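The values are calculated or read from the model by the stated rules, or taken from the named source; none is laboratory data. In this text, all values refer to a predicted model and were calculated from it rather than measured experimentally. For neighbour counting, all protein chains shown are included, and Cβ atoms are generated from backbone atoms with ideal geometry for every residue, glycine included. In case anyone asks, the SASA skips ligands and DNA or RNA and just uses the protein heavy atoms, side chains included. Shrake-Rupley method; radii C 1.70, N 1.55, O 1.52, S 1.80 Å.
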Amino acid sequence: MAQTSLLRRFAPLVLIAAVLALAFAGGLDRYLSFAALAEHRSDLLDWAEANPAAAAASYVAVYVLVVACSLPGGTVATLAGGFLFGALWGGFLAVIGATIGATLLFLAARSALGDFLRAKAGPAVAAFEAGFRENALSYMLVLRLVPAFPFFLVNLAPAFLGVRLGVYVLATFLGILPATFVFASIGAGLGSVFDHGEEPDLSLFMQPSVILPLLGLAALSLVPVVYKKLKGRKAP
C-alpha cells in the first residue's frame with residue numbers, strides 16, 4: 001500500500017520528466033526557435049487560416065507542453081501566437097496555455113514534494129510560508145508581473161508554500177496577461193522582421209513605456225498587504 005501511494009505521489013513528476021526527455025529526443029527544442037518559425041511561416045499561416053479551430057487547439061496544447069515541462073522556447077511560443085493569430089487572439093491563447101501548463105506543474109510539484117519540503121522546513125521557513133499564504137494573491141501577482149523572476153521558478157515555488165489552487169490559477173492568469181499581450185503584439189509584426197532576415201528585438205520589452213506600467217501594477221498588488229500591516233499596527 002505504501003509503495004502504491006508513493007508511486008501515485010511521484011507519477012506526475014515522472015511523467016513530466018519522461019515527456020521532457022522525449023521532447024528533447026524528438027528535437028522539439030529546435031522547432032521552438034525563430035529560425036524554424038521563419039522557415040515554416042507560410043505553411044503555418046496557411047494552416048492556421050484554413051483550420052482556425054484546430055490550429056488554436058494545437059497551439060494551446062503545445063504551449064501547455066512547453067510550460068508544464070519547463071521547455072525552452074516559451075518566448076518564441078508567445079510571439080508565434082501573435083504571429084499566427086494576431087495580437088489579441090494570440091495573446092489570449094498564450095495566456096490559456098501558460099495558465100494550464102503552470103497549473104499542471106504546480107499540482108505535480110505539490111503532490112510529489114510539497115508536504116515533504118514543508119515537513120523538513122525550519123521555523124523561519126514555516127513563518128515565511130504562513131505570511132505568504134496570508135497574502136498569497138498579492139505576492140503571486142507581484143511574482144507574475146515583475147519579469148525579474150524566472151517563470152518556471154514562480155510555477156514551482158508556490159507549491160512548496162501552501163498556496164491554494166484557486167489563488168494560484170487566478171494570480172497566474174491575471175499576472176501574466178500584460179506581458180503576454182506585449183509579446184503577442186511584438187509577434188504580430190514578425191512578418192516584416194522575417195522579410196528583412198532579422199530576429200525580433202526583445203529589448204523593446206524592457207523599455208520604460210512597458211516595464212514601468214508592469215512595476216506599477218506590481219506595486220498596486222501590494223496595497224492590500226500594506227493596508228493589513230498598517231491596520232494591524234493601529235489595532236489596540
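All conditions but one from (1) open to solvent by 30 Å² or more (accessible area, probe 1.4 Å); (2) under 16 Å from G90 (Cβ atoms) apply to L220; the one that does not is (2). One residue stands out among those in the range 142-151 that are part of a helix (DSSP H, G or I) and within 21 Å of Y63 (Cα to Cα): the one that is most open to solvent (accessible area, probe 1.4 Å), which is F151. Residue count for the range 168-182 under the criterion of being aromatic (F, W, Y) and open to solvent by 20 Å² or more (accessible area, probe 1.4 Å): the result is 2. The requirement of being within 22 Å of G187 (Cα to Cα) and open to solvent by 30 Å² or more (accessible area, probe 1.4 Å) is not satisfied by F83. Cβ-Cβ below 9 Å, separation at least six or inter-chain, first residue in the range 136-161 and acidic (D, E), second open to solvent by 40 Å² or more (accessible area, probe 1.4 Å): which pairs? Close Cβ pairs satisfying both conditions: none exist. Taking the criterion of being farther than 12 Å from G97 by Cβ and of a type in the set (S, T, Y), the residues of the range 66-86 that qualify are S70, T75.
Just one of the listed residues (V154, V225) is over 24 Å from G90 (Cβ atoms), assigned to a helix (DSSP H, G or I) and either touching a helix residue (DSSP H, G or I) at 6+ places or on another chain (Cβ under 8 Å) or open to solvent by less than 30 Å² (accessible area, probe 1.4 Å) (or both), and it is V225. Among residues of the range 175-191 that are over 9 Å from L79 (Cα atoms), those with a Cβ under 7 angstrom from a residue that is of a type in the set (D, E, K, R), sequence gap 6+ or separate chain, pair up as G175/R144; I176/R144.
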